[in-house]
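Step one of this worksheet: look at the structure below.
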Amino acid sequence: MTLNTPKADTTNVTTESIANALSQAIHEHRLAPGTKLGEDELSDIYRVSRTMVRAALQSLSHQQIVEIKRNRGAFVAQPSLTEAHEVFEARELLEPRTARSAALHATPDDIVLLNDHITQEHAALAAGDRGRALYLSGQFHLEIARIAKQQTIADMINVLIARSSLIIALYWRRESALCESQAHHALINAIADNNGTLAEELMQSHLVDLHSALNLHELPPVKQNLKAMLSGDPTA
């Protein structure tokens, strides 16, 4: 999704499309944790009313990727060190069992889709688009939750992965971990072989490795130009 200055025709712009555009910008690290999301500025960027912008921000606050502060406005959330640990510990509890279940339910079409995610992730890395690669990596984990046919748990994992994107933006220390794609390849192979035990073990190891790649020290806030960071069309 690309978002330069929004198009003059905003007929198809909705609260949901604005929320989705902002969510993807956050996932792809085009909007850093702590960035102020001013209603007036967003209204100008998307050429919609502040009411629509406010509703989109409220939706993102329910997903815990935007924080709305009384009398100060909305900001991209900044998970604390404690929250960073808790999010990855929760993923380490939920996702291994989900991977096991996915291995028992996966169809050939599901395996094709997972492989397509990896292909796109590699292409993003080759193009130097680290943010896009991280977004696709998160989507890969969500697809596994979908394949597992555990909707309630999938909803929880969706929130945790959104929080993980913010955590990685703040505390990532080992760039090479992003390129260790053999973890995803091995997971796909285990799921394709309907090997639930191996899929569970591989997911556990993968998440522990990601957790260990965090630099859990307080970092200074990052200032960004909101309009410059948003590139794309919320109607896309």
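The values are calculated or read from the model by the stated rules, or taken from the named source; none is laboratory data. This one's a predicted model, so the numbers in the text were calculated from it and none came from an experiment. Counting neighbours? That spans all protein chains shown, and the Cβs are built from the backbone with ideal geometry, glycine included. Accessible surface is based on the protein model in full, side chains and every heavy atom, while ligands, DNA and RNA are left aside. Shrake-Rupley method; radii C 1.70, N 1.55, O 1.52, S 1.80 Å.
Restricting to segment 91-108, what's the tally of residues that are in contact (Cβ under 8 Å) with a residue 12 or more places away in the chain, among the hydrophobic types (A, V, I, L, M, F, W, C) and surrounded by fewer than 17 Cβ atoms within 10 Å (Cβ to Cβ)?
1
Of the residues that make up segment 120-141, is at least one closer than 17 Å to residue 189 by Cβ, modelled with pLDDT of 90 or more and acidic (Asp, Glu)?
no
Restricting to helices (runs of 4 or more DSSP H) lying wholly in segment 1-115: which have 3 or more residues that are assigned by TED's automatic domain parsing to the domain that holds residue 188 and charged (D, E, K, R)?
Filter on segment 1-115 gives 81-105.
Look through segment 9-43, keep the residues that are hydroxyl-bearing (Ser, Thr, Tyr) and open to solvent by less than 50 Å² (accessible area, probe 1.4 Å), and return whichever of them is farthest from residue 78 (Cα to Cα).
For segment 9-43, the residue satisfying everything is 10.
Which members of segment 192-225 meet the condition of being modelled with pLDDT of 90 or more and either part of a loop (DSSP other than H, G, I, E, B) or among the small types (Gly, Ala, Ser) (or both)?
192, 193, 194, 195, 196, 199, 205
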